[in-house]
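Reading through the structure tokens given below for one structure.
The values are calculated or read from the model by the stated rules, or taken from the named source; none is laboratory data. Quick caveat: nothing in here was measured; it's all calculated off a predicted structure. Methodologically, a virtual Cβ is constructed for each residue, glycine included, from the backbone with ideal geometry; neighbour enumeration extends over all protein chains shown.
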Amino acid sequence: AMGFGVVSLLNAVFRRAFTSAGLRPSSVAVDADTTLHFWAHPSLLSSPDAESKQQRGRRPVVVLIHGFGPDPTWQWAAQAGPLSKHFDLIVPTLLFFGASTTRAPGRSDAFQAAAIAQLLASDSLVGGEGRVVHVVGTSYGGLVAYHLARALQQGGGAWTVGKVAVCSSDLAKGPEDDRALAAKGGVADVTELMVPADTKALRRLMDICAHGPPKYLPECLARDLLRKCFAVQREGKIELIKGIASGHGFQITPLPQEVLIVWGEFDQIFPVAKAHKVKEKLGEKATVRIIPNTGHLPQQEDSKLFNQILLDFLLPPPSSSNGNAAK
């Protein structure tokens with residue numbers, strides 16, 4: 001029976017969070033092989049519309065980079081509105097997720113970052129000399145965010161990298177971490193957990209991601225989720241996970257930007273001790289904030305505190321020039 005599925009309903013709800021924040025879906029062929037789907041504020045999209053020209057260049061930009069799992073609208077639904085009050089947003093769909101596709105052979109997190117850098121440099125987006133872009137990524141997207149900040153820094157394009165936020169993302173992970181995670185998930189290989197092939201694996205992943213007792217999930221809903229959110233371009237996603245491992249001959253070195261490292265206290269994908277390891281690698285300019293009573297998805301599990309921490313970091317401190325110590 002073709003019932004109106006819960007997943008379709010959720011899709012509509014999360015898309016609505018984006019559209020009501022003023023975001024619009026778009027896609028750009030960044031080169032002959034690669035097409036990126038993304039959401040952005042119309043002021044960032046090249047158009048001859050004079051009115052939007054006046055709006056241009058005023059607000060700094062935040063790029064939000066999702067992790068493994070459903071569409072980015074699901075992962076950033078709770079951030080779209082609050083961040084849009086202060087920033088123009090660009091929310092790319094990573095390659096092998098949703099409608100973003102490539103025929104190129106690259107599978108590393110640096111390859112994903114290069115595609116986003118190409119998107120930012122493309123004529124389809126309005127950069128403007130020296131416009132500030134902050135880069136925020138969660139989980140796998142945190143790895144991509146690190147490389148994007150690097151790529152933009154070296155690219156010398158029209159964008160100036162402002163600040164970088166890495167959420168729930170072990171930039172320094174190695175093969176032993178993958179083995180530990182696979183063991184925790186009761187699977188032979190970490191790809192079986194992160195790219196579930198059946199509803200049993202999907203339930204495992206959901207239980208490990210969220211803190212607290214397992215949520216009840218009817219089998220029909222689990223099947224629908226698997227089909228619509230996880231089965232698309234599945235082989236490519238498996239290659240991406242292998243691509244992280246292969247890409248990590250490289251050393252994480254400090255970024256010149258201020259970096260915020262956000263972690264859920266009870267993260268079971270990347271244990272919270274890793275937050276401090278990542279800080280050691282990123283150096284003086286990195287700050288760690290732990291969000292209590294959350295797992296691997298603090299931006300969803302405690303969106304209020306997550307948003308407050310992120311905005312406090314990204315926004316300039318309120319000017320105290322009027323002599324009031326207002327806070």
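A few points about this structure:
- Screening segment 1-89 for helices (runs of 4 or more DSSP H) wholly inside it with 3 or more residues that are at pLDDT 95 or above and either over 20 Å from GLY142 (Cβ atoms) or among the basic types (Lys, Arg) (or both) returns the ranges 6-20.
- Residue within segment 179-193 that is surrounded by fewer than 21 Cβ atoms within 10 Å (Cβ to Cβ), modelled with pLDDT under 90 and over 30 Å from LEU125 (Cα atoms) present: no
- Close pairs from segment 272-287: first within 12 Å of ALA165 (Cα to Cα), partner in a helix (DSSP H, G or I), Cβ under 6 Å, at least 6 apart: ALA286/LYS279
- Screening the candidates ILE261, ILE252, ILE241 for the property of being surrounded by 15 or more Cβ atoms within 10 Å (Cβ to Cβ), β-branched (Val, Ile, Thr) and part of a loop (DSSP other than H, G, I, E, B) yields one hit, ILE252.
- CYS167 meets the conditions (1) in contact with a helix residue (DSSP H, G or I) (Cβ under 7 Å, 6 or more places away or on another chain); (2) closer than 30 Å to LEU314 by Cβ; (3) modelled with pLDDT under 95 in every case but one. The failed one is (3).
- Odd one out for ARG227 among (1) part of a helix (DSSP H, G or I); (2) at positive phi: (2)
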